[in-house]
Amino acid sequence: MKIIYTIIICLLFVTVNNAQERFLTKNGSISFFSSAVVKDFKADNNQVLSIIDAGSGQIAISILMKSFMFEKALMQEHFNENYVESDKFPKATFRGDIVDFESITDLETKAEVEGVISIHGVSKEIVIGANITKSEESIFVKGEFNILLADYDIEIPRVVSKSIAKKIKVTFDFNHKPYKK
């Protein structure tokens, strides 16, 4: 009987310990900025889901494309219908690893995040620079990177080609908290 209790207590400890190793945010922030000859535009999305496994340094991010908010409704409509086709490709995702995650402390540390980003049905390997701070209460991850629209089969019609840059600057900021079921 003592053996059974010992096994149950060990299983509970492992389950609780694993649950504490995951950090989550449901309101991460991602913005993108396009600087083109004719005009600049920006969109913000504050409904980004991100989870980090603090035991392994793995990170996963899910972004609803329709959650990007633009200054003008017409820009948002064109973005969703003509460029990223969010009815057909509703999400962008990232799955990867924070390199040397175990060496990151409560001081902001520059790190690389390696993984696969999927946008518009196209997946590409990418390495992103990030500033990361971690403690028992939170894991902050922020940074920026550029993407080329052509890499993700996002076509810009000639008529507006001077209004939209071919390279887009993406900025992100996540404050992960311990995940509790």
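The values are calculated or read from the model by the stated rules, or taken from the named source; none is laboratory data. All figures in this text were calculated on a predicted structure; none of them were measured in a lab. FYI the Cβ positions are ideal-geometry reconstructions off the backbone, even for glycines, and counts take in every protein chain you see.
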Inset, instruction - Please work out which residue is nearest to the chain's Cα centre (by Cα), limiting yourself to the stretch 132-151 and to residues that are part of a strand (DSSP E or B) and of a type in the set (A, V, I, L, M). - result: Val141
Legend entry - Gly129, sole failed condition from (1) assigned to a strand (DSSP E or B); (2) under 23 Å from Ser67 (Cα atoms); (3) free of Cβ contacts under 8 Å to residues at least 24 places away in the same chain: (2)
Inset, instruction - Could you tell me whether the stretch 103-119 includes any residue that is more than 14 Å from His176 (Cα to Cα) and touching a helix residue (DSSP H, G or I) at 6+ places or on another chain (Cβ under 6 Å)? - result: yes
Inset, instruction - Tell me which residues, restricted to the stretch 16-59, are modelled with pLDDT under 90, part of a strand (DSSP E or B) and not aromatic (Phe, Trp, Tyr). - result: Ser34, Ser35, Asp40
Inset, instruction - Residue by residue through the stretch 26-49, note down the ones that are surrounded by fewer than 16 Cβ atoms within 10 Å (Cβ to Cβ) and small (Gly, Ala, Ser). - result: Ser35
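So that you can scan it fast, the table gives a plain yes or no per residue for (1) basic (Lys, Arg); (2) closer than 20 Å to Ser29 by Cα; (3) in contact with a strand residue (DSSP E or B) (Cβ under 7 Å, 6 or more places away or on another chain):
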| site | (1), (2), (3) |
| --- | --- |
| Glu85 | no, no, no |
| Lys91 | yes, yes, yes |
| Val116 | no, yes, yes |
| Ser138 | no, yes, yes |
| Pro157 | no, no, no |
| Val160 | no, no, no |
| Ile164 | no, no, yes |
| Ile168 | no, yes, yes |
Legend entry - Flag for Lys110 being surrounded by 12 or more Cβ atoms within 10 Å (Cβ to Cβ) and in contact (Cβ under 8 Å) with a residue 12 or more places away in the chain: no
Inset, instruction - Go through the stretch 152-181 and give me each residue that's assigned to a strand (DSSP E or B) and either β-branched (Val, Ile, Thr) or in contact with a Pro (Cβ under 9 Å, 6 or more places away or on another chain) (or both). - result: Ile168, Val170, Thr171
